[in-house]
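Trainee: Below is a structure I'd like to ask you about.
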Amino acid sequence: MIFIYLDWNVISQMKSGHHKHLSEYLRQPNRIVTLYSTSHIGDLFSSYKDESDQLKTIEEDLEFITSVTDNCCLSNNGKEVRLGYDDPKRLFDQRVDQKDLFENFSLDKLAEIFEGDPLTSSLGKTFVKLIKSMPLDKAFKDALSNPESANQLNKIFPGLKENPTMEGFFSSFGKMITNLNHSEDYKGLRGMVQSGLKINRDKLFDTNNPHESIDKAYEKLGIGDLSYNQQTDKNAPKWFNEISNDYIMLDMHGYQEDRVNTRKGRKETFSNTTEDSFHAGFGSTCNFYIINDKRAYKKTNKVYEKFELDTLVFKPQEFITYYDTYLVPRSYEFDLQIPFEYLKLDDYIEEKTESEILRTYHVPHFLFDFFNKMLVVANEDGKIDMIVLSQIAPTNKRITYYFEIERLSPKLFQALGEDDDGLGEIKQPELEQEEWQGRKWEFESISLRFIRTQGIYQLYYDFKD
């Protein structure tokens, strides 16, 4: 299956009647899986108002997400990003119910959460009382006593100077998050960072190598490695945090920085940048991530380049061109023959062992809507012994789902006919077995095997002498 992730702008524009070719191409459930994520719910929530007209618009948006994605949803459970089926309306209602949970977060609010459960009520009161009385770290106190740093800290952590305790920190932290997400405070915070590092924002905004420019700015201040600290991976997989943090880091330092505006139309605040950073993480689990926001497009490309991710980032028209070149529907009998056409090309990576020549080809055609990698095994004389079709899966798509093989199965049978053992099309229960015997087809000069090796599904062309 070909996995595609869309940013909210693309979905919204499709709903308004734009990108008609893209809309047609995506509506092929037997070939293409189009996904949404919990971050699309966050995008919609940013425009939430308890007003009838706005609620009607949001309801229509949620219904359109369902029509485009068939409710295929990516979510982060803290340990992994999982693919499931979930009604976006349910997720949105859940988000509305929780909207006040972390607004102006404080220790008193934490106590309320504890008190909601009889088992934690008494423990929670003791815990909160203990934290309230704890003094702040000495570094914070020293910074608060310095007029210059105190002024900057007070902008970031409002009210902390008046109550330099953990109670004050929690309260000011809650206010900071609220201000960043609902006001234009992120613009000020971003300006402080750039000013402190003496970054020329106009020069950095569209530079070819923003990571190098940012690293140099820190080096001048004697600050070393900016790489992500994996010890903070408590709410998402390490790779997801790396991507989202790098995305925000680029924006914070001025590369293709987002607009911040709350005065008219849809609010644009730090929460929008945060959701876009999460979109970049979710998008890296798919073959294609389609974006129609110029700034998000450029930031995402730079993040993916840094981490060498195997997801292609396209604008809608770029994807249309790619689709028309490589992904148009073909007969599966023709897909069976395409590998022989690739043998005529010189576009491969070659590796030689003591007894074999190995040639690896990237196959953008997605044979049988699944295989996009071809390995050719030849002997020392150049005679081909074997062709192996497999996948260059998106870097952060960690498994092959059962439904992919179930949908691949009839395509193989359409091209090859009944398998030699008469086992028929492949179904999920047999794939759940630790040992899976696969399928095989014998012909006069070639045999084909569809097997699973160490969790990897491969189609072998074995040439007979």
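Since every read-out is calculated from the coordinates, none of them should be taken as a lab result. Because the structure is a prediction, the values reported are computed rather than measured. So basically every Cβ, Gly included, is an ideal-geometry build from the backbone, and we count neighbours across all protein chains shown.
Trainee: How far apart, in nanometres, would the label points at K306 and K220 be if each is projected 7 angstrom from Cα along the Cα-to-Cβ direction?
Mentor: Distance between the two pseudo-spin positions: 1.9 nm.
Trainee: How many nm separate the modelled label positions at E80 and N261, each set 7 Å beyond the Cα in the direction of the Cβ?
Mentor: Taking the simple label geometry, E80 and N261 are separated by 4.2 nm.
Trainee: Name all residues of the range 79-93 having a backbone nitrogen under 20 Å from the label point set 7 Å from the Cα of S46 along its Cα→Cβ direction, giving them as ranges.
Mentor: 88-89, 91-93
Trainee: Another question, then. Using the basic label-point model (7 angstrom from Cα toward the beta carbon), what is the E430 to D324 distance in nanometres?
Mentor: 4.1
Trainee: Further question on the same structure: Taking just the alpha carbons, could you work out the radius of gyration and Dmax for the range 265-389, both in angstroms?
Mentor: Cα-based Rg and Dmax for the range 265-389 come out at 19.3, 68 Å.
Trainee: Follow-up. Give the Kirkwood hydrodynamic radius (Å, one decimal) of the range 330-463, defined as one over the mean of 1/r across all pairs of different Cα atoms.
Mentor: Here the Kirkwood hydrodynamic radius works out to 15.7 Å.
Trainee: Quote the FRET efficiency, to the nearest 0.05, computed for K373 versus K20 with a Förster distance R0 of 35 Å and r equal to the Cβ-Cβ distance.
Mentor: After rounding to 0.05, the efficiency reads 0.65.
Trainee: Here's a follow-up. Under 12 Å from the Cβ of T285, count the other residues' Cβ atoms, weight Lys and Arg +1, Asp and Glu -1, and hand me the total.
Mentor: Around T285, the charge tally is +1.
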